[in-house]
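Notes follow the structure.
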């Protein structure tokens, strides 16, 4: 899982930001990847002050890496739930020749790459 931040709208408080959690799900038999993202809004002063792991892009500091706030942990739990329940229901969405190869090897197998604790 990759974590990052983006600024809130310019009309909002400049200290507010959005945490972005992103995970790549590789489907090697279909020769494609799926990216799943979860956005975690830090849109109150209390949420911003509680977050020590991510850093607001406008804060003018580098780093972070401190303790994760309850809001970030909630976002990570949402991501874990999405990954746990992720299932491709229509393999026909993928290229025909790639999906035919996937049928022989058990198309239900999904390889989760790059998933590690942030």
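None of the figures in this text is laboratory data; all of them are computed from the coordinates on show. Owing to the predicted nature of the structure, the values given are computational and were not obtained by experimental measurement. Using ideal geometry, Cβ is built from the backbone for each residue, glycine included, and neighbour counts are taken over all protein chains shown.
Values for this structure:
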| read-out | value |
| --- | --- |
| 69, 7 arranged by Cβ crowding within 10 Å, fewest neighbours leading | 7, 69 |
| Inter-site label distance for residue 37 and residue 80 at 7 Å from Cα along Cβ, in nm | 2.3 |
| Cβ crowding within 10 Å averaged over residues, with 28-35, 83-90 ranked highest first | 28-35, 83-90 |
| Taking 76, 1 and counting other C-beta atoms within 10 Å, the order from fewest to most | 1, 76 |
